[in-house]
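Working notes, beginning with the structure itself.
The values are calculated or read from the model by the stated rules, or taken from the named source; none is laboratory data. In this text, all values refer to a predicted model and were calculated from it rather than measured experimentally. No Cβ is skipped: glycine too gets one built from the backbone with ideal geometry, and neighbour counts run over all protein chains shown. The area values use the complete protein model at the heavy-atom level, side chains included, leaving out ligands, DNA and RNA. Shrake-Rupley method; radii C 1.70, N 1.55, O 1.52, S 1.80 Å.
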Amino acid sequence: MVSYAKTIRLDTSYEDAIARVKEALQAQGFGTLTEIDVQATLQAKLGVDMERYAILGVCNPPLAHRALGVTRDVGLLLPCTVVVREQDHGVLVQALDPAIIASVPGLPDLEPIAAEAGARIQAALDSLYRRLADLTVTRAGRDHRVQLQSASRGIAELEQRFGRPLWVLA
């Protein structure tokens, strides 16, 4: 199965996560064009209850302009999508990997644009962990000190090592 999302978990409130994600993306040049409250929409239209769940449509105008210069059809795949959703013990943030956007039309000229967008999105997600350069994980009563090179990649490696999700205090 192809991985199509960049994912992090935050131990914070849903409202705080939405605000912090928008700020982190803004710092990387992405504005929020749309914010869909999926919970409210499904409740209003279908009477369905679900956790708080937002879909953000975010755009970096210079990157979008470059991509549209390659093919106007790429507009069908824009803007970039970020999901913020509540879980039992925190908030999950998922961003669509822009490499997926570049792969659909199959035009090599889109690849460097997608790579830059992906790097900026990863930087935004990593910035949510900036205060976690040093992390102490307690397992079986023993502390394990960890230096993270890339926060989200480091967290994923730790989750694999310890065999369970780690919740990050952001």
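For the pair residue 71 and residue 103, label points projected 7 Å from Cα toward Cβ lie 1.5 nm apart.
For the range 67-132, what is Rg from Cα atoms divided by 2.2 N^0.38 Å, rounded to two decimals? It would help to have the intermediate numbers written out before the result.
Values: Rg = 14.1 Å, N = 66, 2.2 N^0.38 = 10.8 Å.
Normalised Cα radius of gyration, the range 67-132: 1.31.
Each of 67, 53, 26 was placed along the dipole of the range 25-93 (beta-carbon charges, centred on the mean Cα), and the one lying farthest toward the positive end is 67.
Once the Cβ-Cβ distance of residue 48 and residue 89 is raised to the sixth power relative to R0 = 22 Å, the FRET efficiency obtained is 0.45. The label point for residue 19 and the one for residue 5, both projected 7 Å from the Cα toward the Cβ, are 2.5 nm apart.
Rolling a 1.4 Å probe across all protein chains gives residue 113 an accessible area of roughly 20 Å².
Report the gain in length on full extension from residue 26 to residue 40: 0.36 nm times residue separation, minus Cα-Cα distance, nm rounded to one decimal.
On the way: separation 14, 0.36 × 14 = 5.04 nm, distance 2.51 nm.
Using 0.36 nm per residue and subtracting the Cα-Cα distance, I get 2.5 nm.
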